Amino acid sequence: MNPISRDNFLFEERQQISRLSKNDAEYKKAAKDFLDRSIDHKYSYQFDWLGRPIIQYPQDIVAVQELVFNIKPDLIIETGIAHGGTTVLYASLLCLLDNLSGVDPRKSNSKVISIDIDIREHNKQILQNHPLAFKYQLIEGSSISKKVIEQVHDEAKEYTKIMVMLDSNHTHSHVLKELEAYSDMVSVGSYCVVFDTIIENLPINTYPNRPWDVGDNPMTAIQFWLKENKNFVVDKEITDNLLISVAPNGYLKRLK
């Protein structure tokens, strides 16, 4: 058997993704049925990353890993920490990039900036004592406050390849303000990933104790924001490939 070149492999992969997304309705329905049921059972709460609850779907974790490897950012900005699983994930990926480049991760200037309005004390202590704590900076405060935005912009000045991950308050107004505050720091060719756009596709009142719902969520914020912002496009191929994702149409690529 002749070996398949990497370019041919990727071409065939993209062709397969396109065929499935356009022609296999049953395949897509099965994925949607699983996603709907999994939300009822808090599926995303069942996974850890290096000892911390990550509260993400494995498919999105893999997609983020692929993006980080391809883009090779030196700064990842994250809003929403919760238990810190994604903070540790992003830090571990940056450490791997350092190692692959022959650089001591502790001597590299690459890092994660993670922002949360309320970092609970027990989570803060665990994160501050985690083996990868040297790779991230925790900022406690609202991600849309002037003080925090100015601090992050100031810190980002020395970095050249930047990714942004938005996963805090999921209301339309909050996500829109985050997009306006942080999208300009995303490097050309890099991504702003907006999580929990899936809310728009779920039944009304799925989250009765939360301020977001159908018509008021990250998806509606993206749709509104993209009408005026022509520097970004939705990378549909990512979620067409994943099928099971909490961020459909939430992988935003900066083109210019």
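Restricting to the range 222-237, what's the tally of residues that are in a helix (DSSP H, G or I) and acidic (D, E)?
Residues meeting the conditions: 2.
Restricting attention to helices (runs of 4 or more DSSP H) lying wholly within the range 1-99, give those where 2 or more residues are farther than 18 Å from L242 by Cβ and at pLDDT below 95.
6-23
For the range 238-256, which residues satisfy the criterion of being part of a loop (DSSP other than H, G, I, E, B), at negative phi and not hydroxyl-bearing (S, T, Y)?
I244, V246, A247, P248, G250, L255, K256
Could you run through the range 168-195 and say how many residues are over 16 Å from L226 (Cβ atoms) and surrounded by 24 or more Cβ atoms within 10 Å (Cβ to Cβ)?
2
If M219 meets every condition in (1) assigned to a loop (DSSP other than H, G, I, E, B); (2) within 16 Å of the chain's Cα centre (by Cα) apart from one, which number is that one?
(1)
The values are calculated or read from the model by the stated rules, or taken from the named source; none is laboratory data. This one's a predicted model, so the numbers in the text were calculated from it and none came from an experiment. As a convention, Cβ positions derive from the backbone with ideal geometry for all residues, glycine included, and neighbour counts pool all protein chains shown.
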